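Read the structure below first, then the notes.
The values are calculated or read from the model by the stated rules, or taken from the named source; none is laboratory data. Since we're looking at a predicted model, the values are computed, not measured. Here the Cβ positions follow ideal geometry from the backbone for every residue, glycine too, while neighbour counts run over all protein chains shown. SASA here: full protein model, heavy atoms, side chains in, ligands and nucleic acids out. Shrake-Rupley method; radii C 1.70, N 1.55, O 1.52, S 1.80 Å.
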Amino acid sequence: MDHLALLERIMSEVGPEIGRGRLADYIPALAQVDPRKFGFAVADLDGRVVGVGDWEEPFSLQSVAKVFGLALVVARDGERIWERVGREPSGNPFNSLVQLEHEHGIPRNPFINAGALVVTDRLLTLTGDARGALRTFLREESGNDEVDFDAVVASSEAEHGARNAALAYFMASHDNMDNPVQTVLEHYFWQSSLTMSCRDLALAGLFLACHGLRADGSRVLSSSDAKRINAIMLTCGTYDAAGEFAYRVGLPGKSGVGGGILAVMPGRGTLSVWSPGLDSRGNSVAGVAALDRFSTLTGWSVF
Ligand code: GLN
């Protein structure tokens with residue numbers, strides 16, 4: 001079966017899951033999104049992409065952006081980030097404070113909020129403009145110059161950002177912030193508000209499926225670094241549901257509370273899915289179901 005026919009079949013099979021779950025209402029701007037939205041796209045290593053449903057409609061990237069921030073920092077700075085962030089699954093919610101105290105301000109991994117704040121801080125030091133660097137990167141990788149921030153979401157994040165501020169100030173108390181905390185938070189909130197479609201996201205992630213190379217053969221990351229980022233996506237990309245996601249989908253994946261998920265099949269391609277209803281861990285209910293069906297029907301899995 002070709003990919004488009006497969007995506008159509010899966011969209012109808014997961015129909016009952018679409019609209020289930022809760023919207024990310026802790027950020028009021030995200031609670032306004034239509035819960036019936038569903039988009040699903042697959043891109044191959046040559047940069048061909050097909051999709052179904054709302055796959056060309058931009059949605060709020062949220063934590064999916066954390067993968068791209070990490071890729072930029074690793075590309076520019078190599079291994080240094082690992083002095084300040086761990087690489088272990090947290091087993092705790094994405095915005096949890098509890099481990100930070102036990103681990104002296106060193107976040108468990110770069111894909112929980114605390115870790116992503118440290119990565120943002122480093123990107124700010126390296127570029128002088130973390131949010132701008134990330135937008136440029138995503139525009140280049142997706143080939144879409146219209147990829148942009150959503151100012152309403154960014155200010156909603158900032159207004160309801162007390163917990164992220166607590167994480168950042170706590171890390172600053174352990175000297176794990178180089179830039180002023182308020183500046184890091186601002187860049188982090190803008191990063192979460194980046195808006196992309198499933199189409200853009202599947203294309204933007206291709207270098208992770210292609211051992212660090214773009215479809216045109218130019219390099220973003222070394223093949224070891226691409227492997228490492230995929231490994232962290234597998235173990236930490238869906239927060240405290242990473243074990244369940246690996247069990248069901250068997251692919252490196254990164255989710256966000258906008259309802260998007262990017263999944264990577266090294267050597268084959270990328271999948272991106274969007275449906276805003278979230279499970280209790282903050283992962284898209286219909287999105288995980290669709291990826292589960294895709295990997296089952298095609299055998300796309302790293303296992
Ligand atoms: N907006 C988010 C935050 O609270 C991003 C979290 C997510 O997508 N899990 O930091």
Does any residue in the range 106-119 that is touching a residue at least 60 places away in the same chain (Cβ under 8 Å) and among the basic types (K, R) come within less than 8 Å, Cβ to Cβ, of a residue that is outside any helix (DSSP H, G or I) and open to solvent by 10 Å² or more (accessible area, probe 1.4 Å) six or more places away or on a different chain, and which pairs are these?
R108/G86; R108/E88; R108/P89; R108/S90; R108/N92
Filter the range 225-245 for residues that are out of contact with any Pro (no Cβ under 9 Å at 6 or more places or on another chain) and touching a residue at least 40 places away in the same chain (Cβ under 8 Å); which is nearest to V152 (Cα to Cα)?
T238
In the range 218-275, residue surrounded by the fewest Cβ atoms within 10 Å (Cβ to Cβ) [restricted to those that are of a type in the set (V, I, T) and in a helix (DSSP H, G or I)]:
T235
Looking only at the range 72-116, which residues are in contact with a helix residue (DSSP H, G or I) (Cβ under 7 Å, 6 or more places away or on another chain) and β-branched (V, I, T)?
V73, V74, I81, V85, I112
Restricting attention to the range 281-289, does a residue exist that is modelled with pLDDT of 95 or more, surrounded by fewer than 23 Cβ atoms within 10 Å (Cβ to Cβ) and within 16 Å of the ligand (Cβ to nearest atom)?
yes
Out of all the residues in the range 183-194, which are open to solvent by 20 Å² or more (accessible area, probe 1.4 Å) and in contact with a Ser or Thr (Cβ under 6 Å, 6 or more places away or on another chain)?
H187
Tally, over the range 162-182, of residues that are within 16 Å of the ligand (Cβ to nearest atom), surrounded by fewer than 21 Cβ atoms within 10 Å (Cβ to Cβ) and in contact (Cβ under 8 Å) with a residue 24 or more places away in the chain:
3
